[in-house]
Every structure is written in C-alpha cells, then in structure tokens.
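The values are calculated or read from the model by the stated rules, or taken from the named source; none is laboratory data. Being a predicted model, the structure only gives us computed values, none of them experimental. As a convention, Cβ positions derive from the backbone with ideal geometry for all residues, glycine included, and neighbour counts pool all protein chains shown. Just so you know, the surface numbers come from the protein's heavy atoms only, side chains and all, with ligands and any DNA or RNA stripped out. Shrake-Rupley method; radii C 1.70, N 1.55, O 1.52, S 1.80 Å.
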Amino acid sequence: MKQELLLIQGTLPDMGLQSKAAQLALKGHLTLRVISGANLEAATADDGAIAKALIPQAQNARVILAPATTRLRAILPMLAWYLQAGLTADCTHLDISPDGTLLQTRPAFGNSLIATIETVSGIQMATVRPGTFPVSEGAEQIPVETLQEKPAQRVKLLEFVPLADSVPLGEAKIIVAGGAGIGSSAGFLKLADFAGRIGGVVGASRNAVDAGYVPYSAQVGMTGITVCPKLYIAVGISGAVQHLAGMSGSTTVIAINSDPKAPIFQYADYGIVGDWESIIDQLMEELS
Amino acid sequence: MIKRILVCVKLVPTATSVEMDGQFRLKRDGTSLQLNIADVSALEAALRLKAATPDAEVVVLSMGPAKTSQTLQELYALGADRVILLSDPALAGADSFATAKALVAAIRCLGDFDCLLCGRRAIDAETGQIPGQLAAALGIPAVTNVQQLTARDNGFLCQRRLENGTAQLEIAAPCLLSVCEYTYPLRLPGIMGKRRARDKQVEVLTAVAVGLSAEECGLRGSKTKVIRVDTRAPGLRKCRYCETDVLAEKIREVQL
Ligand SMILES: Cc1cc2nc3c(=O)[nH]c(=O)nc-3n(C[C@H](O)[C@H](O)[C@H](O)COP(=O)(O)OP(=O)(O)OC[C@H]3O[C@@H](n4cnc5c(N)ncnc54)[C@H](O)[C@@H]3O)c2cc1C
C-alpha cells in the first residue's frame, strides 16, 4: 500500500507548502517525506536527469507535491510521465480526504474559472503556486533528505546571471507595479527608487513592457509572472483582466490612477485618484 | 546540420471568458481562435533556424477541432513546409497527460527531428506541462522557458529565464525547447509565401491513424478529472479612497 506524501523542494524551498504538506499528511493518514538539496535546482542543469533520479524516491508515494517554480514545473511533468501519474499545475488550494484522495484546486482562463480536480491514477501529483500557504510553526523541524543524482551530459550550464534585483518578483513582500500611465523609462527609474526605499521590487503591466519602459521579466499577469505579495501598489495601471490574473492573490492592493473610472479601483483595497508622480513624491516625503 | 524542426502549436480562444459544457469540457465552437502567444515565439524561432540552415524543414503540429485547419493553413504562407492537424472528436476533454500521449503518437509518425519547439504554456489552461511530458515520453533532453536560442554544432545554445536569474545552456540535439511569450515576434507573410501556400493543404490525422486506442484518448485517457468548476469575479474588493497619509501608514505596517 502506497502511503507516503512526498514533498519535493528546490533551492528556494516553500516553507508554507511544507506546513500545508504536514497538515495534509496527517489528515490523509500518510507519512510525510521531504526531499531537497542544492542539487535540485543549482548544480545539474538537466531537468530530465533530476526527474529520473526522483523515480525511485516515488516508489511509495500516494501524493507528490512541489512548489511551482520554473524548474520544478519542468521536472514534475517529466516525473509524472515516468510514473504514468496525473499531475495538476499551479494549485492554489489543496485538501485531502481521510482515505488519501487529494482535491486540487486551481484557477484557469486568467482566473475567470476555478477548477477542482481529482486524480484517477494511483499516484496523485500537483505543483503549488509558491507562497500560497502560510508558514506554520514546526515546518522548519521536518527532516529533509537530500536527493542524490548523477551529473548529466545532455544539458550543460555555461553561465548563470543572477537578476539585478536581489529579491525575485515572485518572492517580494512589496511590489510597486507601473503601467502605461508611468509614461517613460525615466518614470520607471523614479518608481524603482520609491520601491527600493520601501523595500519593494518593481513590477509592470504589459503595456509598460511593450512600450519598452521595463524588461519583460517585470511583467505581471496572464502572460507574465503571477505574484501574491503582502502589498501590491498598482501605479498608472488600468486593471485589465489579464493583469488582474497575475496579482489578484495579493493580500492588500493599493491603486494610484488619474482616472477615477479605472477598473483597477474595483480590485483595490485602497485608492488615490490623481497624477502618480505627485502622489509618489508626497508618499516619499511622508515616509522619510 | 539541422534537417527538421518540429513545432507544436495550439489555437486558443481569443475571448477572455469561456464556457464549459456539462462535462467540464471547453466549448470551443463559436469562439474565435488565435495562435497561442508563446507558440508564436516557438514558430518564429523555428522559421529563423530554418532561414539559417538552407535545407532545413519546418513541420508544424497542432491538435484541435477540424475547423482550426483554416487558420493553420495560413502558416504555409509564413514558410512552414508541412502543417499537420491531429483532430478527432475522441480527443476532446484530454488532460495534459492524454494530450501529451496523443502528440507523441503523432510525432512518432513524422520521423526524426533535430529540435521540437513549443510555447512554454497555453493561455487557456495554463498548465505548461506538455513540454516536460513530451520530452520524457520521447526520451530527449529539454530546456523550458527559453528566451533566446541559436543552433550550434550538434545542438543549441539557449537562454533560460528562471526566478532568480538567467541561465546560458547548451543542449544536445535532438531536444525539446519551450519558448517564452514575446521572445520573437511573428513575421508577416510575403507575396511569395502566399503564392506558395495557395495549393497547400493542412494534413489531417485521426487518432486511429496515429495508432491511438479509444482508451488512450480524451477524457477516458486522462489521469485527472475536473469534478467542479466555479466561476468568480477575480479579486473584487471594496476600495477605500484616501490620502497619502493612510497609504504611508499601510506601507509601514507591511514593512514591519
Ligand atoms: C492574451 C493577452 C494576454 C495579456 N497578458 C497580459 C499580462 O500578462 N499582463 C498585463 O499587464 N497585461 C496583459 N495583457 C494586456 C492587457 O489586456 C492590457 O492591455 C494591459 O494590462 C494594460 O496595461 P496598462 O494598464 O499599463 O495600460 P492602460 O490600459 O493604457 O492603462 C494606463 C492607465 O494609466 C492611467 N494613467 C495615465 N496617466 C496617468 C498619470 N499621470 N497618473 C496616474 N495614472 C495615469 C490611465 O488612467 C490608465 O488607467 C494581455 C492581453 C491579452 C489579449
């Protein structure tokens, strides 16, 4: 009888998911196992080799979970294929029945639908949107095994260039996102200065990216990155559904827009109507 | 030398809201369709590789309803050498596992290739799982989230975007690469291309033709099952209009 809940962590472990995994294991009468290691995300560039190394680890697994980071979102589908198991992507809610049936919930179609999914294969697999679950006490105490894998030849890492931002957008507690309303690259420099002062990271709408104010790596939304920071400040962003898809999970949303009818206000907890530059100037003054 | 590049593309609804039928399958009739945004990059990447290698061939593979062949036919004008549509009512409702299985069956019918290009994910279901599943099934190495790629020796050089930085990677052929949105903007068809496309037909394959049994197809062949779908207005909140002092207070709170 397969009775393990296997959690696979990468170099950026999701402790909230580790807490959730512990709760699910208890409720579903499963034994929790956590596998991790620097190897998993750093040393070996070949996702296929990591997936293969995970096969024997999955022998007793009833449930396999992993945070939906870029690499684990490539590795888990490979592992799922090797195990001939069902896999659900980027879940935002998980539950389990006492007999170990996993209920996986995920948004689709730019968040306009929320689907709840069950797996019909013996092993139930899911990746989980990073930062979805709160960290509870004791998560750090769970023992973590290190995956041993052989170096692979088929994919070679030549160079790794870390992002200039010390905090990746997906992990930032505060995001200051600018839209087309910022009007220029110079405007974004000002926004970045503000973000830096309050300990935040700069994000952007697609129109700001298309206009060339910021690189694509800053894009939040359906075709960019999905974020759920504690505070999301949307500056000069109208609030298109494709943008909302990437940020509606934020704890608190502040909207700054000159148009009182901008849809973004309907999706914000706090709003100021006015020119962004003077509002940011005033905010910097109050915070200094 | 690159001989054949395969590109998997999907046509997705242009509308931002969608309807489902009683079995939680997408209603794909009646909505207008467009090439998935990331797949646009994959296709353009393939056409550029072809331009750099005189004898290379670009083969486009798609899976979907029969009516998509109209839109797919236009890809001949851009320079695709073959456009193949795997289409069968039996394939409806496939999850990513069953979809990968069907695509692999079709790919095996197409012969050897040097590179299989896909978009990193489709904007409708957004699972992004097909590339990994295809690579595992075909036994080839893969790099996902590629933002730049060029051919080199017996493989490819590519740049992969990760959360914490960018990796420069070298991968051996044959391989799979999944490409990010907006990596390469799609070219426009030229007059020559349009002329060449005129008498070309999309090749349509059925599930049986690629050797799939009924048990392997669609909902029956899927490993996951949607048991409930809720529609919701995403993230509607009650906005409190205020001055900067309230915002400053809120920001300080979060900083703690
Ligand atoms: C398939 C698809 C995928 C997409 N994916 C994404 C995605 O991932 N992310 C994304 O963001 N978009 C995406 N979009 C685009 C989306 O539909 C919108 O076009 C985009 O989000 C709009 O960006 P914006 O709000 O910056 O620009 P606009 O809609 O032009 O809004 C600019 C706002 O700035 C305000 N403004 C102007 N001047 C000032 C000022 N001085 N002070 C304050 N406010 C000012 C205006 O009132 C306006 O509300 C996608 C679209 C499609 C079709």
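For this structure, a couple of remarks:
- Among (1) at pLDDT 90 or above; (2) near the ligand (Cβ under 7 Å from one of its atoms) - the single one A:Ile254 does not satisfy: (2)
- Where strands (runs of 3 or more DSSP E) fall entirely within region B:126-214, those with at least 1 residues that are over 22 Å from the mean Cα position of the chain (by Cα) are at B:142-152, B:165-172.
- Among the residues making up region B:94-122, those that are within 13 Å of another protein chain (Cβ to nearest Cβ) and not hydrophobic (A, V, I, L, M, F, W, C) are B:Asp95, B:Ser96, B:Thr99, B:Lys101, B:Gly119, B:Arg120, B:Arg121.
This table checks each residue for (1) more than 12 Å from chain A (Cβ to nearest Cβ); (2) more than 29 Å from A:Pro107 (Cα to Cα).
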{"site": "B:Pro174", "(1), (2)": "no, yes"}
{"site": "B:Val179", "(1), (2)": "yes, no"}
{"site": "B:Gly190", "(1), (2)": "yes, yes"}
{"site": "B:Asp230", "(1), (2)": "no, no"}
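- Region B:80-96: number of residues that are in a helix (DSSP H, G or I) and either in contact with a strand residue (DSSP E or B) (Cβ under 6 Å, 6 or more places away or on another chain) or closer than 12 Å to B:Ala207 by Cα (or both): 3
- Test: residue in region B:106-114 that is part of a helix (DSSP H, G or I) and of a type in the set (Phe, Trp, Tyr): no
- Unique residue being open to solvent by 20 Å² or more (accessible area, probe 1.4 Å), facing chain A (nearest Cβ under 9 Å) and among the hydrophobic types (A, V, I, L, M, F, W, C) when the list is B:Ala125, B:Ala151, B:Ala167: B:Ala125
- Residue match in region A:106-121 (condition: under 18 Å from A:His29 (Cβ atoms) and modelled with pLDDT of 95 or more): yes
- Test for A:Gln266: is it near the ligand (Cβ under 8 Å from one of its atoms), surrounded by fewer than 22 Cβ atoms within 10 Å (Cβ to Cβ) and assigned to a helix (DSSP H, G or I): no
- Looking across region A:204-225, the residues that are open to solvent by less than 50 Å² (accessible area, probe 1.4 Å) and near the ligand (Cβ under 9 Å from one of its atoms) come down to A:Ala204, A:Ser205, A:Ala208, A:Val209, A:Gln219, A:Val220, A:Gly221, A:Met222, A:Thr223, A:Gly224, A:Ile225.
- B:Cys180 satisfies every condition listed in (1) away from the ligand (no atom under 16 Å from the Cβ); (2) touching a strand residue (DSSP E or B) at 6+ places or on another chain (Cβ under 7 Å) except (1).
- Filtered residue count, region A:52-85, keeping only those that are open to solvent by 10 Å² or more (accessible area, probe 1.4 Å), assigned to a helix (DSSP H, G or I) and at the interface with another protein chain (Cβ under 8 Å from one of its Cβ atoms): 3
- Boolean, A:Gly212 is outside the structural domain of A:Val128 (by TED's automatic domain parsing) and in contact (Cβ under 8 Å) with a residue 12 or more places away in the chain: yes
- Filter pass, A:Gly239 being of a type outside the set (S, T, N, Q) and either touching a strand residue (DSSP E or B) at 6+ places or on another chain (Cβ under 9 Å) or within 12 Å of the ligand (Cβ to nearest atom) (or both): yes
- Restricting A:Phe160, A:Phe194, A:Phe188 to residues that are surrounded by 15 or more Cβ atoms within 10 Å (Cβ to Cβ) and within 13 Å of the ligand (Cβ to nearest atom) narrows the list to A:Phe188.
- Complete set of residues in region B:139-148 that are at the interface with chain A (Cβ under 9 Å from one of its Cβ atoms) and open to solvent by less than 40 Å² (accessible area, probe 1.4 Å): B:Ile140, B:Pro141, B:Ala142, B:Val143, B:Thr144, B:Asn145
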